[in-house]
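Working notes for the structure below.
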């Protein structure tokens, strides 16, 4: 093979690999992207049930109900709107009433979600950033009042 | 006082870095040997000064000097000594200081061992290394001063984030940094070669030991981080495709590609431009990782504090080094002479394919990590690109790379005989295919990853062993002769073999995931719950007091049939100083698998909600990574690759005969 032929073979191989990777990426993207929203956005955008979402907000005080088999139900709120969340499993260490969490799962009916995972903040200094932004949009966030603004 | 000495030493180090940048570079242009030597001394002085600064900070943490802001925010009198020390780098300022300390160590290594290198190449490399130091020292002094005082000093510190109070996390950052920063040397030498406009095989021989050190530590650092996540986060997972994990994976992938291509360059004088490109890429990803983790763009346990000035500063450093080097590359790379020819089917050819797959895998990780950030900036929409994306794209490419690896290892240089290799590896191929088919049938209906990984893992392991055997022994040789022959093989050959074995072993560990079991259950005293082939019974729940925490400990018996095989103690720790709870998983290693129990807060009646896992082969994931790193170390011990040897040999720059 000539030098030129070899170079062409190399370029062809490179294009094949990169092309395959690009194809895979696009396919995977259409399938595995999850949008983040606040409870208000779910209402405003009229998201249809069946959609897979991450919802961030505060756990409304007094709404956490634990029942048998580690079923939990609670209400996520961003001050303006609310969303009922049900979940089966262990809650994260830092799940508390009145604190920010992110729930990922599927909308079962308008205003209701079946969560597959619940994320809480790592420590008291930090609140999920998405939650902070969502609360800011609703005007419920006051800089400096919460340690999370550090 | 000691703290002020530390601060002052850091300022002096900045001056030394400035001297190291300007003087040798000027000397190299003017052809003045005296000026070029200044770089060497400046690098050594800089190391000494940064070491003083670092020691001062360690001292402040050890003596719990809460008049230092950094100590007050991240330490506590009650903490065990090991965490007082690891607290030094368990925060933004201290970890940046560790970063520049390691940078200076690598710079000093070049200064000490680069004696026989072409004087101008060494001067330029030291100058570039000095420039990196300069940028990061300025960053520390201007935005992240670890020596800032606090008046009045509080009586007690805030404590290190409890989640970081763990032996795994004490060693994870230094190892990761040795990896990240080790690639800076490779970068500096690539830039120096581009400035010089010429490059030869001696370059590869000098850079390779640094690459091996960086790569081995990066491998260990990633493995340590993943093991930590596995046993402290309580979810049983060890890799989450979290942006911060991706930030460490990208330099690893680029570094692995570089490690292979630099071998081609050293042996065959080929792929020069590509190797330089990868050298720049590996360190660029290290910088990108530093930016992602340190700038507060991402929220995670790694993002200690969000100060927008820091993000902008690191972004500027990032832009300067990445854009600068790629501009230099575009300008100078065409001047580099192309070397050795090879047929597409050859070891070089296989390594090119390996490089293609690794860099493309790296690109998919980059895309998946940055796309959500870019989208949010552009449209305000927030999305998560999760594990399914990375598994499908990066996972597929890396599995393909595993398939190619044994062929590359067995093919001859220059012109290979693919049919011959297939014949030689026939046993491994058959075993791999059969194992994949059997496990696919066993797990029918489950995702195909586990069977595929199982087959590939066995193929990689067996093929590597066959190749080692074939090098030492052929029909007709006695055992004694074979032993003598194998002793004559270069250590770097065994290093490569061990690293490939490690790859196979890690892959085997990953395939075990498909065969595991998991249950979420409420444990009642004396009632067994089945998980995989074992059953788990709660014996009792008790309270204990540690140095700076209280813990709730469950005592759990693991039974196989009716015999108790282990007692494990999963716990929850409450840290008073931060009002925070962490989970300590209870683990029992059985064979290569583990029974994993993590508990939540006990209910009023004493029942304990728990997650139970049976994870077969899971320990192999980290054992394999350790084997890879050990392979790197073994190659490093090869006589030809020791630090400085390349320099002595650089007089004869002919390519070495193939192994």
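Scaled against 2.2 N^0.38 Å for its residue count N, the alpha carbon radius of gyration of region B:415-533 is 1.48. Rg over Rh for region B:121-253 works out to 1.08, both radii taken from alpha-carbon positions and Rh defined as the Kirkwood radius.
Can you sort B:99, B:622 so the residue with the fewest Cβ neighbours within 10 Å comes first?
On the way: B:99 22, B:622 19.
If I rank by nearby Cβ atoms, fewest first, I get B:622, B:99.
Just want the ordering: B:362, B:323, from fewest to most Cβ atoms lying within 10 Å of their own Cβ. Can you show the working numbers first?
Working: B:362 26, B:323 11.
Fewest-to-most Cβ neighbours within 10 Å comes out as B:323, B:362.
Given Cα pairs under 8 Å that are at least 6 residues apart, what percent is the relative contact order of region A:17-71? For region A:17-71, the relative contact order is 33 percent. Volume per residue for the protein assembly as shown equals 177 cubic angstrom (convex hull of Cα atoms).
Annotation for region A:55-88 versus region B:563-577: alpha-carbon center distance of 29 Å. With neighbour counts taken as other beta-carbon atoms within 10 Å, the residues B:155, B:390 rank, fewest first, as B:155, B:390.
Apply the a/c threshold of 1.5 to the C-alpha gyration tensor of region B:330-376 and tell me whether it is rounded, prolate or oblate. Oblate, because a/c is 1.5 or more while a/b does not exceed b/c.
Modelled spin labels at residue A:14 and residue B:607, positioned 7 Å past Cα toward Cβ, are 6.3 nm from each other. Just from its helices, what would the mean residue ellipticity at 222 nm be for chain B, if runs of 4 or more DSSP H residues each count -39500 (n - 2.57) and the sum is divided by every residue, rounded to the nearest 500 deg cm²/dmol? Per the formula, -21500 deg cm²/dmol.
The base-10 log of I(q)/I(0) for region B:542-599, evaluated at q = 0.17, 0.19, 0.28, 0.30 Å⁻¹, reads -0.60, -0.69, -1.08, -1.17 [Debye formula, identical scatterers on Cα atoms, solvent excluded].
Taking 25 °C and 0.890 mPa s as the conditions, I'd like the Stokes-Einstein D for region A:1-96 in µm²/s, using the Kirkwood hydrodynamic radius from alpha carbon pairs. List each step's numbers first, then the result.
Numbers: Rh = 17.6 Å.
It diffuses with D of about 140 µm²/s by this estimate.
Normalised by residue count, region B:341-409 yields a Cα convex hull volume of 81 Å³ per residue. Across all Cα pairs in region B:59-133, the calculated P(r) in 5 Å bins from zero up to the longest distance comes to 3, 15, 20, 14, 10, 9, 10, 9, 6, 3, 0 percent per bin. If you look at the Cα atoms of chain B, you get an Rg and a Dmax of 26.3, 82 Å.
According to the calculation over all Cα-Cα pairs in region B:370-420, the P(r) per 5 Å bin from zero is 4, 16, 14, 12, 11, 9, 8, 7, 7, 6, 4, 0 %.
On the basis of the beta-carbon distance and an R0 of 22 Å, residue B:2 and residue B:309 show a calculated FRET efficiency of 0.20.
With viscosity set to 1.567 mPa s at 4 °C, what whole-number translational diffusion coefficient in µm²/s follows for region B:1-165 from Stokes-Einstein and a Kirkwood radius over Cα pairs? Using the Kirkwood radius from Cα pairs, D works out to 79 µm²/s.
Could you give me D for region B:136-180, from Stokes-Einstein at 10 °C and 1.306 mPa s, where the hydrodynamic radius is the Kirkwood radius over C-alpha pairs? Units µm² s⁻¹, please.
On the way: Rh = 13.5 Å.
Rounded to a whole number, D works out at 118 µm²/s.
Centroid-to-centroid, using Cα positions, region B:157-196 and region B:438-475 are 34 Å apart.
Applying 1/(1 + (r/R0)^6) with R0 = 45 Å to the Cβ-Cβ distance of residue B:518 and residue B:158, what FRET efficiency is obtained, to the nearest 0.05? Don't skip to the end; give the middle numbers.
Numbers: r = 36 Å, r/R0 = 0.80.
Once rounded, the FRET efficiency stands at 0.80.
Over chain B, Cα pairs under 8 Å with separation of 6+ residues give a relative contact order of 13 percent. May I ask for log10 I(q)/I(0) of region B:512-621 at q = 0.18, 0.22, 0.24 Å⁻¹, from a Debye sum over the Cα atoms as equal point scatterers with solvent left out? Debye intensities relative to I(0), on a log10 scale: -0.86, -1.15, -1.28.
Laboratory data are not the source of any read-out in this text; all were calculated from the coordinates shown. None of these values were measured; they are calculated from a predicted model. Note that each Cβ is placed from the backbone with ideal geometry, even for glycine, and that neighbours are counted across all protein chains shown.
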